[in-house]
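J.: Before I ask anything, here is the structure I am working with.
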Amino acid sequence: MVSIKDVAATSGLSVATVSRALNGHPSVSDGARQKVLAAVDALGYRPNVVARSLRTDRTGTIGLVISDVLNPYFTELARAVEEEARALGYSVIIGNADERADLEDHHVRGLLERRIDGLLVSPADGHSPTTLEAAAGPTPVVFVDRWIPGADAPVVRADGRNAIRDLVDHLFALGRRRIAVITGPAATTTGRERLDAFREALAGHGLPLPEAYVGRGDFQAESGRLATERFLDLPEPPDVVFATDNLMALGALDAISARGLRVPDDIGLAAFDDIPWFSHTDPPITTISQPTAELGRVAVRALAALIAGEPATSTVLPAHLVVRRSCGEPATPPQTGGAARE
């Protein structure tokens, strides 16, 4: 087995210098570091991570607990986290909560037991005592996308409030007045925030939001389907449904199609969280798009700063409306406001 002494002999440097280079010590010159890396590649050296973690109290790993790995939004977020972490020298262990508070707690506990260097969490439950305890503990924690109010940890998220207002302005300009919403769980910050923003935007146009036009979902497709079926059974169905995440929008689309109805001729559909195939459906779906990859990258950089003992602050990035043709838009609408059009 190749040892660190072999790397030292091949590079012509001392064992101490090789050790410092492999651990990223700033005292090692670029030239020496390049010699060490060349020797590592030539010999196929793999450091003993467990032994090194005992000496340095670092494992070179971070944890990521996401709400639903099957949701394309979180899949893209996880990919960005992994890429940025790898660039900074970390490996990532991912736990999928599947929108369940008990699984979130399970993964948080398991990751902390593995002595990870830091933890990224997108909570499935906005009141998890396990995650709250983690945020107050010695392991650095950063919330991404969702967060737990009152927890002492930076939050990296997108602000969808302005984009939701832009969407409602857009629907109002199209003549839509009966606008229903499928919300996420009230236990999540995003579920509450998007419903509040939607209600506020409607009020700005003097439009009501009857309780019958509020579908309580769980950020998964089946809840979107069931909520939309209830809307369609009303004596006066809505003329647009706004699903506050992409999977619930797909469920809504299934319910509409199952009734033999057409979007947008019979009912309009809009979604929060753009996904690649929304631009390829017939018609393409009008959505609110978040800077998903950038959220992941910023969250990793914030966590890396905390691990290094440096300060890290919360970051809010803007979401924006992407206008397509699922709400009755003309094929080539005029450019107005801050909305993007495809």
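J.: Amide H to amide H, which residues 5 or more places from Val65 or on other chains are under 5 Å from it, using H placed in the peptide plane?
T.: The answer is Gly95, Leu120, Val121, Ser122.
J.: Measuring from centroid to centroid over Cα atoms, what is the spacing of segment 176-194 and segment 213-243 in Å?
T.: Comparing the Cα centres of segment 176-194 and segment 213-243, I get a distance of 11 Å.
J.: Now, a different point. In degrees, nearest 10, range 0 to 90: what is the angle between the Cα axis of helix 161-173 and the longest Cα principal axis of the chain?
T.: 30
J.: Let me ask something else about it. Which listed residue (Gly89, Ala158, Ser27) has the Cα farthest towards the positive end of the charge dipole for the chain, taking +1 on Lys and Arg C-beta and -1 on Asp and Glu C-beta about the Cα centre?
T.: Ser27
J.: Could you identify which residue out of Ala243, Ala87, Ala163 has the top mean-square fluctuation in a GNM of the chain using Cα springs shorter than 10 Å?
T.: Among Ala243, Ala87, Ala163, the largest mean-square fluctuation in the Gaussian network model of the chain belongs to Ala87.
J.: Tell me, what HN-Hα J-couplings in whole Hz come from the Karplus equation 6.51 cos²θ - 1.76 cosθ + 1.60 at θ = phi - 60° for each residue of segment 323-331, using x for Gly and Pro?
T.: 8, 10, 9, 8, 10, x, 5, x, 4
J.: Whose amide H sits under 5 Å from the amide H of Ser91, counting only residues 5 or more places off or on another chain, with H placed in the peptide plane?
T.: Thr61, Ile62
J.: Separate question: Specify the angular offset, from 0 to 90 degrees and rounded to the nearest 10, of the alpha carbon long axis of helix 30-43 from the longest principal axis of the alpha carbons in the chain.
T.: Roughly 90 degrees between the two axes.
J.: Continuing with the same structure: What does the charge dipole of the chain about its Cα centre add up to, to the nearest 20 debye, if the Cβ of each Lys and Arg holds +1 and the Cβ of each Asp and Glu holds -1?
T.: So the dipole magnitude of the chain works out to roughly 1060 debye.
J.: I'd like the carbon and sulfur percentage of the solvent accessible area for the chain, probe radius 1.4 Å, heavy atoms only, ligands and nucleic acids excluded.
T.: Working: 8170 of 15540 Å².
Its accessible area is 53 percent carbon and sulfur atoms.
J.: Put +1 on the Cβ of every Lys and Arg and -1 on every Asp and Glu Cβ in segment 213-342; which of Ala293, Gly217, Gly328 then has its Cα farthest towards the positive end of the dipole?
T.: Ala293
J.: Right, here's the next one. Can you check what the net charge comes to around Ala8, using other residues whose Cβ is under 14 Å from the Cβ of Ala8 (Lys, Arg +1; Asp, Glu -1)?
T.: Details: positive: Lys5, Arg20, Arg33, Lys35; negative: Asp6.
Once all neighbours under 14 Å are counted, the net charge is +3.
J.: Between Asp41 and Lys5, 0.36 nm times their residue separation minus their Cα-Cα distance comes to what? Can you show the working numbers first?
T.: Details: separation 36, 0.36 × 36 = 12.96 nm, distance 1.46 nm.
Contour length minus the Cα-Cα distance gives 11.5 nm.
J.: Also, quick follow-up: Can you list the HN-Hα couplings for segment 267-281, worked out from phi with the Karplus curve (6.51, -1.76, 1.60; θ = phi - 60°), rounded to whole Hz and with x for Gly and Pro?
T.: In residue order, the calculated couplings are 7, x, 9, 9, 9, 9, 5, 6, 9, x, 7, 4, 7, 10, 6 Hz.
J.: Let me ask another. Could you give me the ³J(HN,Hα) list for segment 295-312, computed from phi with Karplus coefficients 6.51, -1.76, 1.60 and θ = phi - 60°, whole Hz, x at Gly and Pro?
T.: 4, x, 5, 5, 4, 5, 5, 5, 5, 4, 5, 5, 4, 7, x, 9, x, 9
J.: What number, rounded to the nearest 500 deg cm²/dmol, is the helix-based mean residue ellipticity at 222 nm of the chain, given -39500 (n - 2.57) per DSSP H run of at least four residues and division by all its residues?
T.: On the way: 12 runs with 145 residues, N = 342.
Calculated mean residue ellipticity at 222 nm is -13000 deg cm²/dmol.
J.: Moving on to the next point. Among Phe272, Phe172, Phe231, which one moves the most in a GNM of the chain with springs linking Cα atoms closer than 10 Å?
T.: Phe172
J.: How much net charge surrounds Ala21 when only other residues with a Cβ under 9 Å from its Cβ are counted (Lys, Arg +1; Asp, Glu -1)? Please list the in-between numbers first.
T.: On the way: positive: Arg20, Arg33, Lys35; negative: none.
For residues surrounding Ala21, the net value is +3.
J.: Here is a further query. Relative to the Cα centre, what is the charge dipole magnitude of segment 211-336, using +1 at the beta carbon of each Lys and Arg, -1 at the beta carbon of each Asp and Glu, and rounding to the nearest 20 debye? Working shown, then result.
T.: Details: 9 positive and 17 negative charges, 68 e Å.
The dipole of segment 211-336 has a size of about 320 debye.
J.: To continue, here is another question. Write down the percent of antiparallel bridges among all DSSP beta bridges whose residues are both part of the chain, to the nearest 5.
T.: Working: 3 of 38 bridges.
Bridges in the chain are about 10 percent antiparallel.
J.: For the pair Val69 and Arg115, what calculated FRET efficiency results from E = 1/(1 + (r/R0)^6), where r is the Cβ-Cβ distance and R0 = 22 Å, to the nearest 0.05?
T.: Details: r = 23 Å, r/R0 = 1.06.
That gives a FRET efficiency of 0.40.
J.: Go ahead and set up a Gaussian network model of the chain, Cα springs under 10 Å, then flag whichever of Ala299, Ala42, Ala136 fluctuates most.
T.: Fluctuation is largest for Ala42.
J.: In addition: Roughly how much of Tyr90 is accessible, in Å² to the nearest 10, using a 1.4 Å probe?
T.: 40
J.: Under a crude label model (7 Å from the Cα following the beta-carbon direction), how far is Asp98 from Ala308 in nanometres?
T.: Simple spin-label model gives 3.8 nm for this pair.
J.: Could you work out Rg/(2.2 N^0.38 Å) for segment 199-304, with Rg from alpha carbons only?
T.: For segment 199-304, the normalised Cα radius of gyration is 1.20.
J.: Distance between Cα centroids, segment 273-323 to segment 52-122: provide it in whole Å.
T.: With segment 273-323 and segment 52-122 each reduced to a Cα centre, they are spaced 17 Å.
J.: In addition: Report which label in (i) 58, 47, 37; (ii) 70, 47, 42; (iii) 81, 43, 34 holds the value of Cα extents along the principal axes in Å derived from the coordinates of this structure.
T.: (iii)
J.: While we're here: Could you list the residues of segment 208-226 with an amide nitrogen less than 17 Å from a label point located 7 Å from the Cα of Asp254 in the Cα-to-C-beta direction?
T.: The answer is 216-226, whose backbone nitrogens lie closer than 17 Å to the label point.
J.: If you count only protein heavy atoms with a 1.4 Å probe, what accessible area per residue comes out for segment 131-191, rounded to a whole Å²? Could the numbers behind the result be given before it?
T.: On the way: 2140 Å² over 61 residues.
Value returned for segment 131-191: 35 Å² of accessible area per residue.
The values are calculated or read from the model by the stated rules, or taken from the named source; none is laboratory data. Owing to the predicted nature of the structure, the values given are computational and were not obtained by experimental measurement. Cβ atoms come from the backbone with ideal geometry, glycine included; neighbour counts cover every protein chain shown. Just the protein is used for accessible areas: all its heavy atoms, side chains included, with ligands, DNA and RNA removed. Shrake-Rupley method; radii C 1.70, N 1.55, O 1.52, S 1.80 Å.
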